[in-house]
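Chemist: Can you keep this structure in mind? I'll have questions shortly.
The values are calculated or read from the model by the stated rules, or taken from the named source; none is laboratory data. These numbers were taken from a predicted model, which means no experiment stands behind them. All Cβ positions, glycine included, derive from the backbone under ideal geometry; neighbour counts span all protein chains shown.
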Amino acid sequence: MLRKLLLFLMISLATSVPAQISKDGKMNVFITNLMSKMTLEEKIGQLNLPSVGFDVTGPILSRGVEDKIKRGFVGGVFNTYTPAAVRKLQEMAVNQTRLKIPLLFGYDVIHGHKTIFPIALGLASSWDMNAVERSARIAAREASADGLNWTFSPMVDIARDARWGRISEGAGEDPYLGSYVATAMVRGYQGNDLSKNDAIMACVKHFALYGAAEAGRDYNTVDMSPVKMYNEYLAPYKAAIDAGAATVMTSFNEINGVPATTNKWLLTDLLRKQWGFKGFVVTDYTAINETVAHGVGNLQEVSALSLKAGVDMDMVGEGFLNTVKRSLEEKKITQLDIDLACRRILEAKYKLGLFDDPYRGISEERAANEILSPANRQAAREISRSSMVLLKNNAQLLPLNKSVRIALIGPLANNQRDMIGSWSAAGDWKKAVSVMQGIKNVAPNASVRYAKGCNILDDSSLLKQLNAFGGGIIQDTRPAAQMINEAVEIARQSDVIVAVLGESSGMSGEAASRSELNLPGSQRQLLEALLQTGKPVVLVLMNGRPLALQWENDHVPAILESWFGGTEAGNAVADILFGDYNPSGKITNSFPRSVGQEPIYYNHKNTGRPYAGNVMDKYKSRYLDVENDPLYPFGYGLSYTRFSYSDINISSNTLQNNGSITATVTVSNVGNRDGEEVVQMYIRDMVGSITRPVKELKGFRKIFLKAGESQQLRFVITPNQLRFYNADLNFVAEPGDFRLYIGSNSRDVKEAGFTLLK
Ligand code: BGC
């Protein structure tokens, strides 16, 4: 038996290792050979990534780009898709250029390609890594069938300030959860072999710290201590790299006074030398050029700095294309700098199999079969409903009976356009299921009467801005009072009001920072009038960020956060409203009571004057006019059933520095419906050489329990999980006391303690 095992091991070693070496070796030989034929201009051309716009009527090919492609001055393009449009450009590259080097085709496939899934913040709220990976896998299959081989996703920027519109594009405030989401996304996009036709390259962005923009204003300055950076922000990028992300995108912000795009420490020392990243780095849109405005130098200087820092590909700005040759002549950069960048891009093309089949098997048939298939839509429905979060449900108002009389009210109730959210680039909102349609599908016997009730917003300046960028908001010109009266009238004749309110999709996402986090005034007025009817109100929210919902929480009996749920959002909402699905999502950003609390996050540090709830205790770290804690804490979300937690049973109160201990809890479904629960484990390091957060997520499990069922869960704790970056940026676990918390969210937990021994 042992001999057989040894023989097997020897054979597999003998076959697998050399096979790997020869695979890389073959690639190196191929690329070295190719590069030996390339002119300097052609090498620089590979570093150029222009955008070739596309709209519903077909590709808008700028003559300039076409010409550059033919001359070999383009390494890839983005914003072009469909088999026909991709084929046209790829043919140009492989038939009409001197060296026939195929192009990369990139695109912002962010939360689905054409079958749109919930926005990333929603996806993360499912806490279901299989669902997250599945959404990315389907996105990759659709995108690759549509000619793409590269997505600018995942965005893994930790964000703790809901004013920042791009909080919608990430996984929330926690680096531990964010790392799992990052890994799942990369796996989903890339599969296990990039050369397969249905795999696309992931691009982890925005490297780094983009989510910490001061005051939540997009593109704003970031300033952060190294320990904060290492302990609280970098982990998800690292996780994506470890999962094999093929590319990295730089961020717009500065880090330690140096813009990310010209930051050699970031792009070379950390990313390549410390983390071992082997792929290529692309800038964000014109990010090199923007460093001129940061005050770093003129375009030639910043282009040279970026190349030397470790940028390989220049998105749109053409700083590389137009200045790098001059910088070489002036000896500001070396031939090796250019060769390295060029080689990395060619390697990516090689790994994608583009030199074997530049079209990667695209065809109209494949696209038609793959895109928006019934199976993909079904997956979107399932994933969408698992992302939604029940924030409140007094007296079990939800779920509703399927033969109830519903007053369906609100500017988002019979709305398709906003369902797919921001960055749903190739998504077609006309394919989205509205809440109205979803209710009709799920409860055909319910009586549904609809009134818009109000406009999404009354602010004409904001409206103008949103509509200038595709908002498509159609303003009802009736006076507000008339619209409200109509809604109230319908409400009076119904058993329950379902009010669908929130943001239009353009109110969150890129360049969509807000200084207020309330529901817009017009919607609040409507809600007040609806509540005055005395009929029970279910508030279904659609929005891309945590909102400040104190008033709503105080007055509305049931609140469901549905995010922007994607193509199948309406069906998913209806599945929850009528109890065909028991909500299981948990928020991954704290929801504030008021915008003034932002940035607000659970894993904060303690102060020397912690507030203990006594308002007459003046000299404490607190506000005069609002509590410190959030309205809904990180990890919070209700279910139609109830879960109870036993006390924590810990296998030992002491943890050896090379050992492990086990924390066990029993979770029981004590309600009368089957349901899922996200069991969360947090740890606090009581004393450290640097101050430590009051709680950090260190484990979670999403489990399904039938009504009445219990499950024992074991969390293994090792010193590895207790490590953090100390003042010297060494990753250490320090002996001493720890608190351990397990529960249903970051606030409602059971507690135990243990000591890490020397
Ligand atoms: C965004 C990126 C995006 C890029 C390309 C930029 O403005 O910051 O996230 O990938 O545009 O569309």
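Chemist: Which one is farthest from residue 605 (Cα to Cα) among residues in the stretch 216-246 that are of a type in the set (Asp, Glu) and part of a helix (DSSP H, G or I)?
Modeler: In this case the residue turns out to be 242.
Chemist: Hey, could you check the stretch 66-107 for residues that are basic (Lys, Arg) and in contact with a strand residue (DSSP E or B) (Cβ under 9 Å, 6 or more places away or on another chain) and say which is nearest to the ligand (Cβ to nearest atom)?
Modeler: So the residue we want is 68.
Chemist: Output the residues belonging to the stretch 90-101 that are within 28 Å of residue 427 (Cα to Cα) and buried (at least 22 other Cβ atoms within 10 Å of the Cβ).
Modeler: 90, 93
Chemist: Looking at 233, 237, can you tell me which residue is more than 19 Å from residue 509 (Cβ to Cβ) and within 16 Å of the ligand (Cβ to nearest atom)?
Modeler: Only one candidate passes the filter, namely 237.
Chemist: Residues in the stretch 579-608 that are surrounded by 24 or more Cβ atoms within 10 Å (Cβ to Cβ) and of a type in the set (Lys, Arg): how many?
Modeler: 1
Chemist: In the stretch 168-215, how many residues are within 16 Å of the ligand (Cβ to nearest atom) and either among the polar types (S, T, N, Q) or in a loop (DSSP other than H, G, I, E, B) (or both)?
Modeler: Total satisfying the criteria: 8.
Chemist: Oh, and also: Look through the stretch 251-277, keep the residues that are among the hydroxyl-bearing types (Ser, Thr, Tyr) and over 28 Å from residue 604 (Cβ atoms), and return whichever of them is nearest to the ligand (Cβ to nearest atom).
Modeler: Only one residue fits best here, namely 261.
Chemist: For residue 135, all conditions in the list (1) hydroxyl-bearing (Ser, Thr, Tyr); (2) in the same structural domain as residue 66 (by TED's automatic domain parsing); (3) more than 16 Å from the ligand (Cβ to nearest atom); (4) crowded, with 24+ Cβ neighbours inside 10 Å hold save one; what is the number of the exception?
Modeler: (2)
Chemist: I need the helices (runs of 4 or more DSSP H) fully contained in the stretch 313-396, keeping only those with at least 3 residues that are small (Gly, Ala, Ser).
Modeler: Here the list reads 374-387.
Chemist: For residue 558, state whether it is out of contact with any Ser or Thr (no Cβ under 7 Å at 6 or more places or on another chain), in contact (Cβ under 8 Å) with a residue 24 or more places away in the chain and assigned by TED's automatic domain parsing to the domain that holds residue 446.
Modeler: When the stated conditions are applied, residue 558 passes them.
Chemist: Right, next: Taking the stretch 74-88, which residues are closer than 16 Å to residue 365 by Cβ and either among the aromatic types (Phe, Trp, Tyr) or not assigned by TED's automatic domain parsing to the domain that holds residue 317 (or both)?
Modeler: Selection gives nothing.
Chemist: What are the pairs, 6+ residues apart or on separate chains, where a residue within the stretch 203-222 that is more than 18 Å from residue 174 (Cα to Cα) has its Cβ under 7 Å from a residue that is crowded, with 16+ Cβ neighbours inside 10 Å and of a type in the set (Phe, Trp, Tyr)?
Modeler: The qualifying pairs are 203/150; 203/152; 218/164; 219/252.
Chemist: Also, I was wondering about something else. All but one of (1) farther than 19 Å from residue 116 by Cα; (2) assigned by TED's automatic domain parsing to the domain that holds residue 575; (3) not β-branched (Val, Ile, Thr) hold for residue 331, so report the exception by its number.
Modeler: (2)
Chemist: Could you tell me which of the residues 468, 481 is more than 16 Å from the ligand (Cβ to nearest atom), modelled with pLDDT under 95 and exposed (fewer than 15 other Cβ atoms within 10 Å of the Cβ)?
Modeler: 468
Chemist: Given (1) within 30 Å of residue 229 (Cα to Cα); (2) within 16 Å of the ligand (Cβ to nearest atom); (3) part of a loop (DSSP other than H, G, I, E, B), where does residue 163 come up short, assuming only one miss?
Modeler: Condition not satisfied by residue 163: (2).
Chemist: Anything in the stretch 473-501 that is under 30 Å from residue 423 (Cβ atoms) and in contact with a helix residue (DSSP H, G or I) (Cβ under 8 Å, 6 or more places away or on another chain)? List them, or say none.
Modeler: 473, 475, 476, 498, 499, 500, 501
Chemist: Considering only the stretch 596-623, how many residues are over 22 Å from the mean Cα position of the chain (by Cα) and in contact (Cβ under 8 Å) with a residue 40 or more places away in the chain?
Modeler: The qualifying residues number 2.
Chemist: Answer yes or no as to whether residue 517 is within 18 Å of residue 162 (Cα to Cα) and not in a loop (DSSP other than H, G, I, E, B).
Modeler: No, not satisfied.
Yes/no per residue for (1) of a type in the set (Lys, Arg); (2) more than 16 Å from the ligand (Cβ to nearest atom); (3) within 20 Å of residue 277 (Cα to Cα):
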position	(1), (2), (3)
299	no, yes, no
310	no, yes, yes
326	yes, yes, no
332	yes, yes, no
341	no, yes, yes
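Chemist: Taking the stretch 151-160 on its own, how many of its residues are within 12 Å of the ligand (Cβ to nearest atom) and over 13 Å from residue 112 (Cα atoms)?
Modeler: Within the stretch 151-160, residues that are within 12 Å of the ligand (Cβ to nearest atom) and over 13 Å from residue 112 (Cα atoms) number 3.
Chemist: Search the stretch 695-724 for residues that are in the same structural domain as residue 750 (by TED's automatic domain parsing) and pair each with any residue that is of a type in the set (Phe, Trp, Tyr) and surrounded by fewer than 16 Cβ atoms within 10 Å (Cβ to Cβ) when their beta-carbon atoms are under 8 Å apart and the residues are at least 6 apart or on different chains.
Modeler: What qualifies is 723/731; 724/731.
Chemist: Of the residues 224, 229, 249, only one is closer than 28 Å to residue 596 by Cα, surrounded by 19 or more Cβ atoms within 10 Å (Cβ to Cβ) and outside the structural domain of residue 732 (by TED's automatic domain parsing); which?
Modeler: 229 is the lone residue from the list that is closer than 28 Å to residue 596 by Cα, surrounded by 19 or more Cβ atoms within 10 Å (Cβ to Cβ) and outside the structural domain of residue 732 (by TED's automatic domain parsing).
Let's see how each residue does on (1) out of contact with any Gly (no Cβ under 7 Å at 6 or more places or on another chain); (2) under 30 Å from residue 433 (Cβ atoms):
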| position | (1), (2) |
| --- | --- |
| 122 | no, yes |
| 131 | yes, yes |
| 136 | no, yes |
| 145 | yes, yes |
| 161 | no, no |
| 188 | yes, yes |
| 196 | yes, no |
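Chemist: Moving on to the next point. Please count how many residues of the stretch 121-149 are touching a strand residue (DSSP E or B) at 6+ places or on another chain (Cβ under 8 Å), part of a helix (DSSP H, G or I), over 22 Å from residue 81 (Cα atoms) and of a type in the set (A, V, I, L, M, F, W, C).
Modeler: 0
Chemist: Here is a further query. Please find, within the stretch 398-428, the residue that is surrounded by the most Cβ atoms within 10 Å (Cβ to Cβ) out of those that are away from the ligand (no atom under 16 Å from the Cβ) and polar (S, T, N, Q).
Modeler: Applying the filter and picking the extreme gives 415.
Chemist: Also, quick follow-up: Is it the case that the stretch 108-126 has a residue that's within 16 Å of the ligand (Cβ to nearest atom) and farther than 25 Å from residue 573 by Cβ?
Modeler: So far as the stretch 108-126 goes, yes, one or more of its residues are within 16 Å of the ligand (Cβ to nearest atom) and farther than 25 Å from residue 573 by Cβ.
Chemist: Here's a follow-up. Within the stretch 498-521, does at least one residue satisfy the condition of being more than 16 Å from the ligand (Cβ to nearest atom) and over 30 Å from residue 596 (Cα atoms)?
Modeler: no
Chemist: Separate question: Criterion first (modelled with pLDDT of 95 or more, surrounded by 24 or more Cβ atoms within 10 Å (Cβ to Cβ), within 11 Å of the chain's Cα centre (by Cα) and among the acidic types (Asp, Glu)) does residue 157 satisfy it?
Modeler: Considered against the rule, which asks whether it is modelled with pLDDT of 95 or more, surrounded by 24 or more Cβ atoms within 10 Å (Cβ to Cβ), within 11 Å of the chain's Cα centre (by Cα) and among the acidic types (Asp, Glu), residue 157 comes out as yes.
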